[in-house]
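Beneath this line is the structure, given in structure tokens, with notes to follow.
The values are calculated or read from the model by the stated rules, or taken from the named source; none is laboratory data. Computed from a predicted model, the values in this text were never measured in an experiment. In this analysis, Cβ positions are derived from the backbone assuming ideal geometry, glycine residues included, and neighbour counts consider all displayed protein chains. Ligands, DNA and RNA are excluded from the accessible area calculation, which covers all protein heavy atoms including side chains. Shrake-Rupley method; radii C 1.70, N 1.55, O 1.52, S 1.80 Å.
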Amino acid sequence: AKQAFVRTKPHLNIGTMGHVDHGKTTLTAAITKVLADRGTGTFVPFDRIDRAPEESARGITINISHVEYETATRHYAHVDMPGHADFVKNMITGAAQLDGAILVVSAQDGVMPQTAEHVLLARQVGVEHVVVALNKADGADSELLELIELEVRELLAAHGYDGAELPVVPVSGLRALEGDPVWTDALLRLLDSVDAYVPTPVRYTDAPFLLPVENVLTITGRGTVVTGAVERGRVRLGDKVAVLGYGGQLESVVTGVETFGRTMESAEAGDNVALLLRGVQRGQVRRGQVVAAPGSTEVHTSFTARLHLLDTAQGGRRTGITGGYRPQFYLRTGDVVGNVDLPAGTDLVLPGETVTATVTLGQAVPLEPGLTFAVREGGRTVAAGAVREVLS
Ligand code: GDP
Ligand code: MG
């Protein structure tokens, strides 16, 4: 039988971000190594983290790029996105659901283009707390280290973070992974900073259960499993649930709840879980749908929204949009084409401007006022928005 998950500490979702090759995956492996040596985690080697996610023989599992560990005060799920494109996609779709982030900056190279892009994106999707790992400090001289620290603080401040106060910790993921005691201590300082600086988020555990589906897996002999982070509420073994959105609509019963391969009696907002659904065929459920308490949410196609067009410097469009604009809308873990109608008297909205528009989606998805979304076209984010009023 599988081990049961025992909830003894607050759970947080964090992740590494930063420019390619600055050492995110090495640092992630090193964190698991250092904590495993202290008895509060399992070492996950570099090539297990860096491998592309795939359905594996590990049984019910969540996305492979997640690792878990515990500090003295918290349980963390940590996501290390394999590449820049994955990072952008996971941040925008909300799949990452980060309560805080570790920005990895090489102390040998400093701020690079993806460093800045990731900070911008983190701000856009509402990641409020960032701790900086000044990585590769083993090979950097102290003057350069100070200069780069200033540069990073400035970048973060420019995006609305508390650049002056947030922790910046020189580390060496590589040396810590090799067991060097100096750099092991540095890594523990980084984790202390994360524990202290990233607050335990307020979870909506009392709301009706909702989980946006991130992945769908088939476990031979057991049935269909959906994975994702619980957005709100709680779910218990035996609970009835509805699966809906994107043309789907079915009811099921939760017959298994697991987190990182361990069974749970119930999961709550913020938990990364796998749910086994009774009598559901694999083709009946897909990424982007939600699993929710029956009757607690409905699907819609039309709504008014506050839409903010990113300016060109932020990677947005060069030209404005007019009525009839049809980009792709990224809501929770799914995406769907949508038509934008501008208010009467507005013919053009320019990059950098905000408008209240009417959106009509190509398919009905679960929606409610306040839900935020991203708008993309041609592989880049061009706008961010929030639902105001649901129309139909
Ligand atoms: P990622 O693309 O940000 O995930 O970076 P990786 O973790 O794959 O590391 C990129 C390269 O930097 C690899 O060759 C690592 O061995 C090297 N590296 C990572 N961390 C350190 C470090 O702390 N010190 C040094 N000297 N090299 C490092
Ligand atoms: Mg990597």
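What's the number of the condition residue 361 fails, among (1) open to solvent by 20 Å² or more (accessible area, probe 1.4 Å); (2) in contact with a Ser or Thr (Cβ under 6 Å, 6 or more places away or on another chain); (3) under 30 Å from residue 253 (Cα atoms)?
So residue 361 meets the others, but not (1).
Looking at segment 208-322, what strands (runs of 3 or more DSSP E) fall wholly within it and have at least 2 residues that are within 28 Å of residue 98 (Cβ to Cβ) and open to solvent by 60 Å² or more (accessible area, probe 1.4 Å)?
234-236, 299-309
Specify which of the listed residues (324, 379) is over 12 Å from residue 300 (Cβ atoms) and in contact with an Asp or Glu (Cβ under 8 Å, 6 or more places away or on another chain).
324
Working only within segment 124-147, note down all residues that are under 27 Å from residue 12 (Cβ atoms) and either more than 16 Å from ligand 2 (Cβ to nearest atom) or open to solvent by 80 Å² or more (accessible area, probe 1.4 Å) (or both).
Correct list: 124, 125, 126, 127, 128, 129, 130, 131, 132, 134, 137.
A quick yes/no check of all residues on (1) within 16 Å of residue 131 (Cβ to Cβ); (2) surrounded by fewer than 24 Cβ atoms within 10 Å (Cβ to Cβ); (3) at pLDDT below 95; (4) within 12 Å of ligand 2 (Cβ to nearest atom):
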site: 15; (1), (2), (3), (4): yes, no, yes, yes
site: 27; (1), (2), (3), (4): yes, no, no, yes
site: 41; (1), (2), (3), (4): no, yes, yes, no
site: 45; (1), (2), (3), (4): no, yes, yes, no
site: 49; (1), (2), (3), (4): no, yes, yes, yes
site: 63; (1), (2), (3), (4): no, yes, yes, no
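Name the pairs: first residue in segment 141-163 and among the hydroxyl-bearing types (Ser, Thr, Tyr), second residue surrounded by 15 or more Cβ atoms within 10 Å (Cβ to Cβ), Cβ to Cβ under 7 Å, at least 6 apart or on different chains?
Close Cβ pairs satisfying both conditions: 161/130.
Taking residue 88, is it open to solvent by 10 Å² or more (accessible area, probe 1.4 Å), within 16 Å of ligand 2 (Cβ to nearest atom) and touching a strand residue (DSSP E or B) at 6+ places or on another chain (Cβ under 9 Å)?
Spelling it out, residue 88 is indeed open to solvent by 10 Å² or more (accessible area, probe 1.4 Å), within 16 Å of ligand 2 (Cβ to nearest atom) and touching a strand residue (DSSP E or B) at 6+ places or on another chain (Cβ under 9 Å).
Right, residue 20: over 23 Å from residue 198 (Cα atoms), open to solvent by 60 Å² or more (accessible area, probe 1.4 Å) and either within 15 Å of ligand 1 (Cβ to nearest atom) or touching a strand residue (DSSP E or B) at 6+ places or on another chain (Cβ under 7 Å) (or both) or not?
yes
So that you can scan it fast, the table gives a plain yes or no per residue for (1) within 16 Å of ligand 2 (Cβ to nearest atom); (2) under 28 Å from residue 122 (Cβ atoms); (3) touching a helix residue (DSSP H, G or I) at 6+ places or on another chain (Cβ under 6 Å):
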site: 171; (1), (2), (3): yes, yes, yes
site: 188; (1), (2), (3): no, yes, no
site: 199; (1), (2), (3): no, yes, no
site: 251; (1), (2), (3): no, no, no
site: 259; (1), (2), (3): no, yes, no
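Under 7 Å by Cβ, and 6 or more places apart or on different chains, what pairs join a residue from segment 64-84 that is among the aliphatic types (A, V, I, L, M) with one that is near ligand 2 (Cβ under 10 Å from one of its atoms)?
Within 7 Å, the pairs are 67/28; 67/49; 79/65; 81/65; 81/87.
Looking only at strands (runs of 3 or more DSSP E) that fall completely inside segment 72-164, which ones have 3 or more residues that are away from ligand 1 (no atom under 15 Å from the Cβ)?
75-80
Within the set of pairs 6 or more residues apart or between chains, which connect a residue that is of a type in the set (D, E, K, R) inside segment 32-52 to a residue that is assigned to a loop (DSSP other than H, G, I, E, B) and open to solvent by less than 40 Å² (accessible area, probe 1.4 Å) with Cβ atoms less than 7 Å apart?
51/64
Which count do you get for residues in segment 336-360 that are more than 11 Å from residue 305 (Cβ to Cβ), hydrophobic (A, V, I, L, M, F, W, C) and either touching a Cys at 6+ places or on another chain (Cβ under 6 Å) or assigned to a strand (DSSP E or B) (or both)?
Final tally of qualifying residues: 3.
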